[in-house]
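The values are calculated or read from the model by the stated rules, or taken from the named source; none is laboratory data. Note that the structure is predicted; figures quoted are calculated from it, not measured. Because the Cβ atoms are built from the backbone with ideal geometry, glycine has one as well, and the counts that use them run over all protein chains shown.
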There are 2 protein chains.
Amino acid sequence: MKKIKIGIIGLGTVGTGVVKTISNFWDSIEITKIAVRDINKPRNIEGLDKSLLTDKAEEIVDNPDIDIVVEVMGGVNPALDLIKKAINNGKHIVTANKEILAKHGEELFLLAKEKNRVILYEAAIAGGIPIIMPVKTILRANKINKIAAILNGTTNYILTKMDKDGASYDEVLKEAQELGYAEADPTGDVEGFDAAYKIVTLATIAFNKRIKINGIYREGITKITDKDIKLAKELGYKIKLIASAKIDEAGRADVRVHPMLVPEGHVLANINNVTNAIMLTGKPVGEIMFTGPGAGEFPTASSVAGDILALSAEEAENVEIGETENRYYISLNTTDNPGSIGVIGTICGNHKINLTDILQKGTNPDSTAEVVVITGLSKEKNVKEALKEMKKSSAIVKINNLIRLMN
Amino acid sequence: MKKIKIGIIGLGTVGTGVVKTISNFWDSIEITKIAVRDINKPRNIEGLDKSLLTDKAEEIVDNPDIDIVVEVMGGVNPALDLIKKAINNGKHIVTANKEILAKHGEELFLLAKEKNRVILYEAAIAGGIPIIMPVKTILRANKINKIAAILNGTTNYILTKMDKDGASYDEVLKEAQELGYAEADPTGDVEGFDAAYKIVTLATIAFNKRIKINGIYREGITKITDKDIKLAKELGYKIKLIASAKIDEAGRADVRVHPMLVPEGHVLANINNVTNAIMLTGKPVGEIMFTGPGAGEFPTASSVAGDILALSAEEAENVEIGETENRYYISLNTTDNPGSIGVIGTICGNHKINLTDILQKGTNPDSTAEVVVITGLSKEKNVKEALKEMKKSSAIVKINNLIRLMN
């Protein structure tokens with residue numbers, strides 16, 4: 001099998017995740033070069049071959065051996081010129097660069113079409129959540145007319161913390177910066193630019209209409225006070241930075257990013273911390289929702305790597321249910337006798353089953369007592385053996401039900 | 001552009017949805033034939049050309065003009081033989097048939113590979129939710145090791161109703177049958193066969209391991225009593241029919257369908273009625289979730305049609321934010337004077353803005369009163385004009401914030 005050769009531009013958080021992920025697939029993918037700003041900077045990648053590093057990105061975009069250029073450096077300059085040069089040199093592009101897509105997507109897609117190359121960018125919108133590709137392929141038959149989404153983890157983290165701790169915007173921003181959830185200059189996130197770049201590209205795909213970044217309304221969260229959040233809560237709302245997009249029958253698009261009061265029962269009100277979520281409404285599908293990690297080294301790497309990978313299948317062996325471990329809810333009727341619970345405990349103990357909850361529900365008309373127990377983690381076959389023994393015991397009148405617990 | 005010619009086998013609920021959906025794309029797709037049991041049965045499809053109907057499915061699978069055979073008849077016989085014949089005749093297959101995939105998938109995929117044809121089946125698992133294709137493509141770089149899902153709408157509806165109404169299984173089943181959510185013979189759903197077929201195919205794709213239907217543990221919901229549901233609730237759980245699959249480091253798969261107690265705070269505990277949900281855990285992506293309609297004419301048609309469609313893009317025009325309509329939360333400080341609220345009401349009235357909530361929050365240290373109002377649906381430009389007028393009013397000391405409401 002011919003190996004696919006890739007060159008990676010950028011070895012920050014996302015680039016590092018990509019290298020670590022791709023290294024699991026070195027049979028089919030070869031990293032030919034990695035362009036970095038400083039080749040002497042220490043890198044947190046086990047077994048990284050330093051000879052792959054270069055500080056000249058041209059060694060990637062001009063390299064005739066490379067099939068795919070993975071651009072994960074971010075920003076418009078010099079990424080835009082590098083991507084254009086790579087396409088002109090016949091390379092496919094995988095990028096996580098939402099800013100370039102929002103500002104120069106049209107130009108890049110036209111160039112790629114002309115050169116018969118492909119630009120993939122699943123990682124640019126909502127990190128690890130598969131959204132671009134489902135919309136482009138399996139949801140294609142739909143007329144999607146509405147998107148409501150939480151697309152920026154930093155602002156969602158800040159709003160969640162302000163709500164939970166009753167803290168001010170400034171306090172929470174400082175804490176988020178210390179934790180690495182917000183950048184030293186947080187403008188791109190807190191003023192809604194990041195979410196705006198993402199919704200522009202997502203709406204362009206979903207509506208099959210080119211949405212222009214300058215046409216959309218954008219407002220960040222810097223004016224949201226702890227008082228607003230408290231008052232909203234009294235009124236039954238959470239405040240979230242919502243990226244929304246609608247398109248009417250005439251093809252007019254309404255795309256915006258701004259804080260919104262979201263009713264507490266609404267699913268988006270319950271998306272917390274750095275999680276992202278996207279609700280799509282369309283015909284014929286109705287309403288579907290995707291949630292997951294919207295940023296970070298590994299989730300983003302999942303989408304970048306997904307854009308370049310192929311795998312093959314093997315045979316698997318099934319585990320016998322008897323060997324599996326679960327917690328169990330067991331409902332039974334016992335004789336109305338103080339020793340009955342002790343009998344259950346003894347039988348369970350004999351079969352290495354711990355009980356974490358015992359609920360005695362009083363006496364039934366037939367003078368039996370209703371008991372529910374919940375077990376600790378136990379082997380299915382041990383539980384089945386214990387039930388057999390219980391059935392034989394004179395203290396236990398009837399086993400009503402056995403249901404497994406979800407952990 | 002060459003039209004893609006399709007033949008459809010089956011014109012029940014799903015087939016009808018497919019025909020209605022595809023008719024929006026008649027520029028690129030042509031329905032050549034539709035095989036039905038009874039060509040004289042009245043059909044709820046506007047403008048259906050009756051000459052397309054045939055009661056001989058061979059006219060589809062043997063038709064040299066047809067590129068894609070869409071099998072939406074369900075069941076193993078005669079669907080299996082028809083699909084095999086179609087593949088042997090060089091046709092691609094789109095199917096919603098989970099039973100055939102679970103029982104004969106391996107055989108069919110081998111045959112398709114040999115004949116260089118493709119079998120797509122997004123609609124077979126979780127109806128309108130895009131799950132098979134994301135797992136096969138964009139999530140490919142992941143080692144998915146855990147799936148927890150609600151894959152059967154009928155049983156989830158029954159359990160939801162039993163919980164909400166405190167009704168017995170038999171009562172709710174009867175009601176579900178009357179509403180068309182359960183079949184006259186509900187065995188396939190309530191005994192967990194349907195969910196088992198789906199999880200087997202999903203786990204096969206997600207784990208890249210052939211999971212065999214006979215190896216998995218399956219238990220339905222017929223033994224769940226209203227008492228179990230009540231007791232579980234007392235203990236902080238909901239009872240759900242969970243399709244789960246795990247794979248360990250050694251490649252051993254644990255795949256099962258059975259009722260489980262799900263902690264109330266768990267997302268799956270809050271998936272109600274006929275909605276489906278799938279949680280996937282893998283590396284590097286982490287945990288992602290997909291929710292949406294798991295069955296029904298149109299959601300299923302979305303996935304069937306998605307498997308065969310391609311579209312192209314146009315230009316769009318943006319709506320000015322001023323012309324958009326929203327509800328607004330406006331927080332302001334007024335003079336501590338009984339007439340202040342009246343001033344707000346008058347100004348809003350002048351600009352065609354209704355107020356739905358007014359919250360007076362007492363007096364601040366500087367003797368101003370804190371007031372929050374929520375408006376009815378109003379034009380953004382009218383609200384902006386009203387705010388300008390408020391700023392000029394001596395009754396209003398300060399406008400603290402304006403935030404839009406999500407509807």
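Points worth noting:
- Members of the stretch B:279-297 that are at the interface with chain A (Cβ under 9 Å from one of its Cβ atoms) and at pLDDT below 90: B:296, B:297
- Every listed requirement among (1) under 22 Å from residue B:287 (Cβ atoms); (2) of a type in the set (Gly, Ala, Ser); (3) more than 9 Å from every other protein chain (Cβ to nearest Cβ) is met by residue B:203 save one, (3).
- Residues located in the stretch B:337-380, provided they are assigned to a strand (DSSP E or B) and on the phi > 0 side of the Ramachandran plot: B:362
- The lone exception for residue A:94 - which of (1) crowded, with 18+ Cβ neighbours inside 10 Å; (2) over 30 Å from residue A:199 (Cβ atoms); (3) not small (Gly, Ala, Ser) it fails: (2)
- Output for the stretch A:206-228, where each listed residue is more than 8 Å from chain B (Cβ to nearest Cβ) and surrounded by fewer than 23 Cβ atoms within 10 Å (Cβ to Cβ): A:213, A:214, A:218, A:219, A:222, A:226
- Considering (1) out of contact with any Gly (no Cβ under 9 Å at 6 or more places or on another chain); (2) buried (at least 21 other Cβ atoms within 10 Å of the Cβ); (3) farther than 28 Å from residue B:140 by Cα, the lone condition that residue B:282 does not fulfil carries the number (3).
- The stretch A:361-407, residues that are free of Cβ contacts under 8 Å to residues at least 24 places away in the same chain and within 42 Å of the chain's Cα centre (by Cα): A:406
- Selection within the stretch A:324-336: residues that are among the charged types (D, E, K, R) and assigned to a strand (DSSP E or B). The member of this set that is nearest to residue B:256 (Cα to Cα) is A:325.
- Subset tally (residues that are more than 14 Å from chain B (Cβ to nearest Cβ) and surrounded by 14 or more Cβ atoms within 10 Å (Cβ to Cβ)) for the stretch A:32-55: 11
- If you go through the stretch A:61-85 and keep only what is more than 30 Å from the chain's Cα centre (by Cα), under 24 Å from residue A:201 (Cβ atoms) and not basic (Lys, Arg), you end up with A:61, A:81.
- Screening the stretch B:236-278 for residues that are under 18 Å from residue A:328 (Cβ atoms) and surrounded by fewer than 16 Cβ atoms within 10 Å (Cβ to Cβ) and picking the one that is nearest to the other protein chains (Cβ to nearest Cβ) gives B:263.
- Scanning the stretch B:103-129 for residues that are touching a helix residue (DSSP H, G or I) at 6+ places or on another chain (Cβ under 6 Å), within 24 Å of residue A:137 (Cα to Cα) and of a type in the set (A, V, I, L, M, F, W, C) yields a count of 5.
- Pairing residues of the stretch B:119-141 that are more than 7 Å from chain A (Cβ to nearest Cβ) with residues that are crowded, with 24+ Cβ neighbours inside 10 Å and modelled with pLDDT under 90, at Cβ distances under 7 Å and at least 6 apart in sequence or on separate chains, gives B:120/B:307; B:126/B:294; B:127/B:294.
- Total residues in the stretch B:386-407, condition in contact with a strand residue (DSSP E or B) (Cβ under 9 Å, 6 or more places away or on another chain) and either over 16 Å from residue B:334 (Cβ atoms) or in a strand (DSSP E or B) (or both): 12
- Of the helices (runs of 4 or more DSSP H) entirely within the stretch B:147-228, those holding at least 2 residues that are among the β-branched types (Val, Ile, Thr) and more than 20 Å from the chain's Cα centre (by Cα) occupy B:187-190.
- Candidates A:379, A:391, A:361 - the one that is over 24 Å from residue B:263 (Cβ atoms) and either surrounded by fewer than 20 Cβ atoms within 10 Å (Cβ to Cβ) or in the same structural domain as residue A:332 (by TED's automatic domain parsing) (or both): A:391
- Only one of the numbered conditions (1) more than 21 Å from residue A:295 (Cα to Cα); (2) surrounded by fewer than 24 Cβ atoms within 10 Å (Cβ to Cβ); (3) of a type in the set (A, V, I, L, M, F, W, C) is not met by residue A:138, and that is (2).
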